[in-house]
Every structure is written in C-alpha cells, then in structure tokens.
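The block underneath contains the structure these notes are about, expressed in structure tokens.
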Amino acid sequence: MNIRFAEDGRQRVLEQAAALAGLEELPQEAEALLEAVACGAAAICNRRDLPREMEWPLAVLLSRALRDGAERPVTAVKRGDTQITYGPEDLSAKVLLGPFIRLGTPKGGCRCE
C-alpha cells in the first residue's frame, strides 16, 4: 500500500514514538513497525494520505509497538492441559484515529438521478 506522509512526517513520527517509548535509539524494526502502523491506520481511516495532524496518534501507536512488541496480547483459552492467553481487542487505535476516519463510497459510485 502506498501511504503518503506529510513532508518529513515519517521522521517526526519515528522521533515522537521513540520519545514516548523512552528509547534513546530506535531499534532496527522501527521502520517496519511504522509501515505496519501506518498501513493499519490508513485502512481504518479509509485514507492513502497521513496528514500532519495524524502524526501524533501514529506516534502513540508506534510507541506501544516499540515498547510492548508487535505481538498480540492474550486472554485465557484452555484446551486440556494447554492454555493460550489472548488480550482484549485494543479499541484505543480506533479512538485515537476516530477524527481522521473517512467514509468510503460504494464501488461503482453513486447512481443518484
């Protein structure tokens, strides 16, 4: 997916996320995590561009991924003597990105006459 940041936006998001996560130096996977966060945010918001106003929510989401890892948290699922734990759905991304969500149009456009 081709996501467009505002000018120097990618670097600002990386720097803000590092500060929020308490990191002095970004890990190697920071760029890949930013790409994943940006694509996810663009999909939620039905956008291909990420304006400057959207950089702070992206930095918050990226800082969480940098600090906690990209893995999904877990709640308990037990089968026999094995238990796997999956966390509750993280609605904070939708809350953070709520102001930037655009409604899509039906495929084929409007056929109003």
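Laboratory data are not the source of any read-out in this text; all were calculated from the coordinates shown. Just so we're clear, the structure is a prediction, and the values are computed from it rather than from any experiment. Cβ coordinates were reconstructed from backbone atoms using ideal geometry, including for glycine residues, and neighbour counts include every protein chain displayed.
At a glance:
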{"quantity": "Distant-in-sequence amide H partners of Leu50 (H built 1.01 Å from N, under 5 Å)", "calculated": "Arg4, Phe5, Ala6"}
{"quantity": "Virtual spin-label span in nm between Leu103 and Asn2, 7 Å along Cα→Cβ", "calculated": "2.8 nm"}
